[in-house]
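The values are calculated or read from the model by the stated rules, or taken from the named source; none is laboratory data. The structure displayed is predicted, hence computed values, not measured ones. Neighbour counts are summed over all protein chains in view; Cβ atoms, including those assigned to glycine, are modelled from backbone coordinates with ideal geometry. In case anyone asks, the SASA skips ligands and DNA or RNA and just uses the protein heavy atoms, side chains included. Shrake-Rupley method; radii C 1.70, N 1.55, O 1.52, S 1.80 Å.
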Amino acid sequence: MTQRHIRLNVNGQPREGDASPRKLLVDFLREDLGLTGTHAGCEHGVCGACTVVFDGEAVRSCLLFAVQAEGAAISTVESLADGETLHVLQQSFHECHALQCGFCTPGILMSMSVFLSECPAPTEQQVREALSGTLCRCTGYQNIVRAVQLAATRLAATRLAATRLAAK
Amino acid sequence: MKPPAFEYRDPRTREEAIALLAEHGEAAKILAGGQSLVPMLNLRLLRPEYLVDINRVAGLSFIEVKGGELAIGACTRQRAIERSELVRRTCPLLHEAMPFIAHFQIRSRGTIGGSLSHADPAAELPTVVTALGGRFVLRSVRGERVVSAADFYTGFLSTALRPDELLTEIRVPIPPVQTGCAFMEVSRRHGDFALAAVAVLVRFDQDGRCAFVRLVVAGVHGVPFRSADTEASLIGTKLLPEDAENASRLMAAELEPISDLHASADYRRQAARVLARRALECAALRARSHAEAGT
Amino acid sequence: MKGHRFIGTNQPRLEDRRLLTGAGKFVGDVRLPGMVSAALLRSQEAHARIRAIDASGALALPGVLAVFTAQDLGEVGGIPMRLAPREALQKCFQKPLASDRVRYVGEPLALVVAVDRYVAEDALELIDVSLESLPPVADVELGRGRDAAVLHASLGGNVAEHIVMRVGDPEGALARSAIRLSERFRIQRHTGIPMETRGLLASYDRGTDIVTIWGAAKVPHFNRQILADLLGRAESTVHMIETDVGGGFGVRGEFYPEDFLVPWAAIALGRPVQWIEDRREHMSAANHSREQVHHVEVGVRHDGTIEAMVTRAAHDMGAYIRTNGFVVPERAAAFVPGPYRMRNFLSEVDCVMTTKTPTGSYRGPGRFEAAFVRERTIDLIARELRLDPAEVRRRNFVQPAEMPYNVGTKAFGHDVIYDSGDYPRLFEQALERVGYEALRAEQATARAQGRFMGIGLATFVEKTGVGPWETARVRIDGSGFVTVYSGVTSVGQGMETVLAQICAEQLGVAPEKIIVRHGDTAVIPLGAGAYGSRGTVTGGSALWDAAGQVRDKLLQLAAHRLEVSADELELREGTVMLPGTDLSMTFRELARAALPGQPMPPGMEPGLDISAYYVVKETTCPYGVHVAVVDVDAELGVARVRKYLMAYDIGVAVNPMLVEGQLVGGFAQGLGGALLEELVYSDEAQLLTGSFMDYLLPTSMEMPSQIDVVLTQDAPSPHNALGLKGAGEGGTVAVGAAIANAVADALAPLGIRVTALPLSPNAIFELIRAARKAG
């Protein structure tokens, strides 16, 4: 089983590594690139803890092989905060107590970051539907739904401010 | 839960892909979206010698209208179909069924061709494409053939696809605009495989009588189930609630559902019957409103 | 609580930042140089004699370092019980690797160590195991029978223990009762399923002779003791480190076979060994819970007053007695009475060994089961007497004047005594908040339209702040920083924040400035851990004491130095100061002033470093009321919870936001148990729900969008200084009961009998069908 050399972009940085074809992307990110924020919760694509953004789409990194990421642009939870400043989603999760053990949280954050970019003003039902692709065993989801809605409101306000600024 | 070792091939053209399939035959598995295949690999339920990854093959991802048909490349992501305005406009049944497929994070990667050729009897796409009278374009080094959905599904998780063949394209006749459709499903949780699901298409003639009906059920048989007798019984009726009720009973009587740990055969029969009735009523309502809008 | 600055506030969690940014350290995130990976070969048969295990094929695979079987381990003891140990149960202890017999699917047979997990799993497939099948024991009730195969020969049968709890004259009172009702109830096997699977990393240093284990959780100190005993080592050479923990729920952190095998292998190989359980393993290797069958008889007066209740139950222990396995049947027996006066009561439980995964506690152990049995029974009474289910409850509540109330049952050998509470008051508050009368009116309308809407009530009393004791140490270091060293652990519930709040209250330092350490046995020599909703009650009480002593010492030392009276001084943001003056000393100055040899008040010991112990004499008993509103699609058998209310009296909430988080999260698990989750076994005792495809956890779509929490603080516990009671399990215990009652209520026009969980579409379909046949 020959190793392949993989070059990709992770969190805006060019990265590379060697992996055998069967190495799962989640293991490659965690073990070879040291990005342990992405978690493996079930390794059969159900729980969503391993969700990352892959070429703009939220996907399960336990259902992709690292070799498939050759040339791809991937974002993981480590990319969200800007230095000490939390991303709007992270800040909303913090304020709404939308996490407990925090194991599922990175996958949910990555999932929701894609969701909100496509659906910037979601209804509660839309948030619930999007969220149903990631399992959380601690929170009962209620505060996550609130946090996502809060983040959407804040992002909308930011966009509005930016539009007004541009109009001037 | 780590996959067994395999040789990895990632062809760039259809020709290369089918050449690899011709070379390795049953020793090879095609990797498309991988949303069903990779879990099976991780669980070591499958151990192919070769994985032929078709994600980099050019020309397998498209949604377009060709000669009255909606043509979709086999490697088109389910999410792209869900988002497609063209699909929503030309094929509302397909559009309506998309959100029932797992979750958006799965649909982001999962492909239409992968789901159709995996042939899970409880999956939405095989049922919808069967209801729509879709056809599958299969290519191999021996040439190209086109197989109807009805002929494609041969049994539980099995299809007419030969080991050296690649599903490249799905062609779906675009239903006339006055067609009413409905897709309904019951599952344990949102996004789970269906305990039973029903896809219905209905058209009325100028007198408001049922001129065309298609009723296909998922989750109860090894393949998408279509009852010609039930459909025939509805032709010429006004598809009133009692007609829907009678037809769904007729259909249910024909079923020999599977039993598993989520639901018994009896439950599935009942669920299919109830969903069929509701979906027929819903599709009839929509068809009537199309007719009214059209006049 | 009034007069408090930090206690009672919704302090955002101190844990969040690292967890939100991917900087959390879970056990799988810890990597050591030279680390290798372990995988376990597990039995695929439920019950069999082991003839031979041939690992030569696996050993020949490149990258495989070792394959260990029971023979390699030599003489090693069984894994003992942590809670409520009993002599007879020792016969059913599990050894780390099976040597002569396997007794459940998933039982460890061998440990493979390889360069990585991929190769380790390849190696598992190359081990040849020869087994001779024995008859499985899959059914808990049949398992008691004479025909059943016996799992543990020295036990002589499969009933490991027979629990009897008797109050008054149950048989006599039952015989004299005007109305007698009986029913058989079944609670299905299901369990905690934390999102992070278990995992361990062990490393052995030959020089210091210390073995270090990352991934300890829940009870690291107790596990250190077990491991030291099993390895024949001194406790001081075993170093357990709790990492971030991805959920516990009772299941994670107990001492399992792997907790011996991984450190043992690290010592044997002289290399760091990592084992991260995969989800498929987890489903059959981690403790299961909840499976019970109850036969209930109840005698009532015409007005609904309960005269006597008798329940005879079989509890499925699984194949071995686990560390906390006995907790579940004992609590189930002890907590059937709940908040109701039952002066004639009998609870008998057979603890039955079966060839299935061993069982242990899962959030609300025994109480979820007891609540289901009790609250369904109350609704049966209501239906029989044509009374409103709320009215039957009112007529049976223990009254506030009866507090403290001795139930007459026992848990861990102690009398179950409710410490404080006003059950009727909370009940009325809950009904008013949910709009009970309006819901009944809405239900009447729905029924008239042929829709099936149901309202389900369930009440309960919890037992929290479980013993035996807890430790806390508060230290102000030379830089003036406050560090709390706690014996409790965190399984993700926010302990660091709550402890910081309690310490902050005493020392007048903002919680976010306080450093909280826990779970590292080298830093914290003694601790009990996280179970039985005890962290805040026991760890918080010990901390309140320790921090209070530090506070007193700071004041006295500053008073001594500043030559003022300690009574006049105040603590503010790391400074002790005399208000209205510029006289002050910072914590940093005081820490230096407290060094040995410095001038001190007479009799004062040096150091700002104080430890305290909280010994649990009586547990605390919060109580609650749950109300479920469901809509049932009777044709499809689909029950949807539309609205759910939880009223809970916590005594004193240190952080109401976190308490609410516990309750809502607990409810989600209860909802899983009510509608979705079941560990299904075949007749051959094969686990059929071995993945997340078949074991169904609730998603955001199954949760009702209307969840209401009424948190009251009417009944502080008299047993600790702050009046604390625990919050961890009250969201879960009554959910099965409330939802089952709601479904039964919705479908009452069809005459169905709800006696088992989960209420899947198929189950509801069958209930309706059975009612039609009967009716």
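Looking at the range C:185-213 only, could you name the residues that are in a strand (DSSP E or B) and over 30 Å from C:ALA268 (Cα atoms)? Walk me through how you get there before you give the answer.
Our first condition is that a residue be in a strand (DSSP E or B); within the range C:185-213, this holds for C:185-187, C:190, C:199-205, C:210-213.
Within the range C:185-213, C:PHE185, C:ARG186, C:ILE187, C:HIS190 qualify.
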From B:ALA196, B:ALA247, grab the single residue that is in contact with a Leu (Cβ under 7 Å, 6 or more places away or on another chain) and either open to solvent by 30 Å² or more (accessible area, probe 1.4 Å) or part of a strand (DSSP E or B) (or both). B:ALA196
Can you find a residue in the range A:12-23 that is under 15 Å from the mean Cα position of the chain (by Cα), farther than 16 Å from C:ASP29 by Cα and open to solvent by 50 Å² or more (accessible area, probe 1.4 Å)? yes
From the list C:LEU126, C:LEU131, which one is surrounded by fewer than 20 Cβ atoms within 10 Å (Cβ to Cβ), in contact (Cβ under 8 Å) with a residue 12 or more places away in the chain and assigned to a loop (DSSP other than H, G, I, E, B)? C:LEU126
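Among the residues of the range C:574-631, what is the count of those that are on the phi < 0 side of the Ramachandran plot and in a loop (DSSP other than H, G, I, E, B)?
Applying the first criterion (on the phi < 0 side of the Ramachandran plot) to the range C:574-631 yields C:575-579, C:581-596, C:598-602, C:604-606, C:608-631.
Filter once more, keeping what is in a loop (DSSP other than H, G, I, E, B): C:578-579, C:581-583, C:594-596, C:598-602, C:604-606, C:608, C:616-619, C:621-622.
Residues in the range C:574-631 being on the phi < 0 side of the Ramachandran plot and in a loop (DSSP other than H, G, I, E, B): 23 in total.
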Mind checking which pairs have a first residue in the range A:43-68 that is more than 7 Å from every other protein chain (Cβ to nearest Cβ) and touching a residue at least 60 places away in the same chain (Cβ under 8 Å) and a second that is hydroxyl-bearing (Ser, Thr, Tyr) and open to solvent by less than 10 Å² (accessible area, probe 1.4 Å), Cβ under 8 Å, 6 or more apart or different chains? A:VAL53/A:THR76
From the residues in the range B:184-193 that are assigned to a strand (DSSP E or B) and open to solvent by 10 Å² or more (accessible area, probe 1.4 Å), which one is nearest to C:LEU759 (Cα to Cα)? B:SER187
Any idea which of C:ALA38, C:ALA110, C:ALA66, C:ALA52 is within 14 Å of another protein chain (Cβ to nearest Cβ) and either open to solvent by 30 Å² or more (accessible area, probe 1.4 Å) or in a strand (DSSP E or B) (or both)? C:ALA38
For the range C:701-719, give me the residue count where each residue is more than 14 Å from chain B (Cβ to nearest Cβ) and either of a type in the set (Ser, Thr, Tyr) or closer than 26 Å to A:CYS138 by Cβ (or both). 9
Can you tell me which residue in the range C:165-189 is surrounded by the fewest Cβ atoms within 10 Å (Cβ to Cβ), limited to those that are in contact with a helix residue (DSSP H, G or I) (Cβ under 8 Å, 6 or more places away or on another chain) and of a type in the set (A, V, I, L, M)? C:ILE179
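If you take the residues in the range B:110-119 that are within 14 Å of chain A (Cβ to nearest Cβ) and not in a helix (DSSP H, G or I), which one is surrounded by the most Cβ atoms within 10 Å (Cβ to Cβ)? Break it down into steps so the answer makes sense when it comes.
Quick first cut of the range B:110-119, residues within 14 Å of chain A (Cβ to nearest Cβ) only: B:110-111, B:114-115, B:118.
With not in a helix (DSSP H, G or I) added as a condition, the list becomes B:110-111.
Values: B:GLY110: 26, B:THR111: 29.
Residue satisfying both the conditions and the ranking: B:THR111.
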Selection within the range B:8-17 - more than 7 Å from chain A (Cβ to nearest Cβ), more than 10 Å from B:ARG56 (Cβ to Cβ) and outside any helix (DSSP H, G or I): B:ARG9
Residue that is surrounded by fewer than 24 Cβ atoms within 10 Å (Cβ to Cβ), under 17 Å from C:VAL629 (Cα atoms) and modelled with pLDDT of 95 or more, where the choices are C:VAL710, C:VAL735: C:VAL710
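Would you mention how many residues in the range A:69-78 are open to solvent by 10 Å² or more (accessible area, probe 1.4 Å) and either of a type in the set (Gly, Ala, Ser) or within 14 Å of chain C (Cβ to nearest Cβ) (or both)? Before you say what the answer is, go through the steps one by one.
Step one: of the range A:69-78, the residues open to solvent by 10 Å² or more (accessible area, probe 1.4 Å) are A:70-71, A:73, A:75, A:78.
From what is left, the residues that are either of a type in the set (Gly, Ala, Ser) or within 14 Å of chain C (Cβ to nearest Cβ) (or both) are A:71, A:73, A:75, A:78.
Counting residues in the range A:69-78 that are open to solvent by 10 Å² or more (accessible area, probe 1.4 Å) and either of a type in the set (Gly, Ala, Ser) or within 14 Å of chain C (Cβ to nearest Cβ) (or both) gives 4.
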Residue count, the range B:262-275, condition closer than 15 Å to C:SER760 by Cα and either within 9 Å of another protein chain (Cβ to nearest Cβ) or buried (at least 22 other Cβ atoms within 10 Å of the Cβ) (or both), comes to 8
From (1) under 26 Å from the mean Cα position of the chain (by Cα); (2) crowded, with 24+ Cβ neighbours inside 10 Å; (3) of a type in the set (A, V, I, L, M), pick out the condition that doesn't hold for C:VAL523. (2)
Leading residue by the ranking (nearest to C:PHE26 (Cα to Cα)) among those in the range C:444-498 that are part of a loop (DSSP other than H, G, I, E, B), among the hydrophobic types (A, V, I, L, M, F, W, C) and in contact with a strand residue (DSSP E or B) (Cβ under 7 Å, 6 or more places away or on another chain): C:VAL488
Could you tell me which numbered condition A:ALA40 fails, if it satisfies all but one of (1) in contact with a Cys (Cβ under 9 Å, 6 or more places away or on another chain); (2) in the same structural domain as A:ASP18 (by TED's automatic domain parsing); (3) open to solvent by less than 20 Å² (accessible area, probe 1.4 Å); (4) not charged (D, E, K, R)? (3)
I'd like the full set of residues that are in a loop (DSSP other than H, G, I, E, B), closer than 30 Å to C:PHE412 by Cβ and touching a residue at least 60 places away in the same chain (Cβ under 8 Å), limited to the range C:86-99. C:ARG86, C:PHE93, C:GLN94, C:LYS95, C:PRO96
Can you work out which of the residues in the range B:77-109 that are crowded, with 22+ Cβ neighbours inside 10 Å and among the polar types (S, T, N, Q) is farthest from the other protein chains (Cβ to nearest Cβ)? B:GLN78
Condition (residue is of a type in the set (Ser, Thr, Tyr), more than 20 Å from C:THR699 (Cα to Cα) and touching a strand residue (DSSP E or B) at 6+ places or on another chain (Cβ under 6 Å)) applied to the range C:617-632: is it met by at least one residue? yes
Sole miss for B:SER259 among (1) away from chain C (no Cβ under 13 Å); (2) open to solvent by 70 Å² or more (accessible area, probe 1.4 Å); (3) at pLDDT below 95 is condition (1)
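Being open to solvent by 10 Å² or more (accessible area, probe 1.4 Å) and either of a type in the set (A, V, I, L, M) or within 30 Å of C:SER347 (Cα to Cα) (or both) narrows it down to one residue among C:GLU291, C:GLU281; which is it? I'd like the intermediate steps shown before the answer.
Working: C:GLU281 fails: either of a type in the set (A, V, I, L, M) or within 30 Å of C:SER347 (Cα to Cα) (or both).
Just one listed residue meets the conditions, C:GLU291.
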Looking at the range C:734-747, I want the residues that are within 14 Å of C:PRO761 (Cα to Cα) and in a helix (DSSP H, G or I) and have a partner that is of a type in the set (Asp, Glu) and at pLDDT 95 or above with Cβ atoms under 7 Å, at least 6 apart or on another chain. Which pairs are those? C:ALA744/C:ASP379
Counted residues in the range C:113-123 being touching a helix residue (DSSP H, G or I) at 6+ places or on another chain (Cβ under 9 Å) and open to solvent by 10 Å² or more (accessible area, probe 1.4 Å) come to 4
Of all residues in the range C:307-325, which are modelled with pLDDT under 95 and in contact with a Lys or Arg (Cβ under 7 Å, 6 or more places away or on another chain)? C:ASN324
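Just for the range C:646-699: of the residues that are part of a loop (DSSP other than H, G, I, E, B) and small (Gly, Ala, Ser), which one is farthest from the other protein chains (Cβ to nearest Cβ)?
Filtering the range C:646-699 down to residues part of a loop (DSSP other than H, G, I, E, B) leaves C:650-655, C:677-680, C:682-686, C:688-699.
Cutting the leftovers down to small (Gly, Ala, Ser) gives us C:651, C:653, C:682, C:685, C:690-691.
On the way: C:GLY651: 21, C:ALA653: 13, C:SER682: 9, C:ALA685: 15, C:GLY690: 9, C:SER691: 6 Å.
If we take residues in the range C:646-699 being part of a loop (DSSP other than H, G, I, E, B) and small (Gly, Ala, Ser), then C:GLY651 is farthest from the other protein chains (Cβ to nearest Cβ).
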